[in-house]
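The values are calculated or read from the model by the stated rules, or taken from the named source; none is laboratory data. Source: prediction; values computed, not measured. Backbone-built Cβ (ideal geometry, glycine too); neighbour counts: all protein chains shown.
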Amino acid sequence: MNTILELSHYNFIFTTAQTILLAALYSYYKGHGWLCMLPGSTWITSVIYWWYPDFSWRRYLDIAVVLITLSIQHIIAYNAEHSVTYYVFCLCGGCFFIMSQFFYMCNEHWASAVSHGFLHIMTSIGTMVLYSGKL
């Protein structure tokens, strides 16, 4: 089975997915032990998928885990100290996701990969901002 992107493109996304691990470790460091499972599980499924991205079950597992994690974190963030900043970073990440899909459909795969990489970076920063304040 072929991958959905060239090696250099999905290696870039794989590399930026490591920021999700940083967010998980940071949440643990800040004393949110069980909450580190949220970005941690996202990191695991992202690494499993972006190691060799194709249209297999790994893609849909990653999507499901990301959506569940985002839903839970959005609920947690509702009354959090840094909720607005968190939501702004997530909104920026969502915009990068839309851009990555648009670029992919236009066969601009490098721009799609860069946009998806920025999605990882923005949402990881948002997660670290969220977990740096009172929940």
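Structure above, values below:
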read-out	value
Any hit, the stretch 75-87, residues being within 23 Å of TYR10 (Cα to Cα) and either in a helix (DSSP H, G or I) or not charged (D, E, K, R) (or both)	no
Test result for ALA24, out of contact with any strand residue (DSSP E or B) (no Cβ under 9 Å at 6 or more places or on another chain), at pLDDT 95 or above, surrounded by 13 or more Cβ atoms within 10 Å (Cβ to Cβ) and not in a helix (DSSP H, G or I)	no
Filtered residues of the stretch 89-118 (kept if surrounded by 14 or more Cβ atoms within 10 Å (Cβ to Cβ) and closer than 30 Å to LYS134 by Cβ)	PHE89, CYS90, CYS92, GLY93, GLY94, CYS95, PHE96, PHE97, PHE118
Evaluation of PHE55 against (1) out of contact with any Ser or Thr (no Cβ under 8 Å at 6 or more places or on another chain); (2) within 22 Å of TYR131 (Cα to Cα); (3) among the hydrophobic types (A, V, I, L, M, F, W, C) (one fails), failing number	(2)
The listed residue being of a type in the set (A, V, I, L, M, F, W, C) and under 13 Å from the mean Cα position of the chain (by Cα), out of ILE76, ILE72, ILE125, ILE98	ILE125
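This table checks each residue for (1) part of a helix (DSSP H, G or I); (2) in contact (Cβ under 8 Å) with a residue 40 or more places away in the chain.
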{"residue": "TYR10", "(1), (2)": "yes, yes"}
{"residue": "GLY40", "(1), (2)": "yes, no"}
{"residue": "THR45", "(1), (2)": "yes, no"}
{"residue": "PRO53", "(1), (2)": "no, yes"}
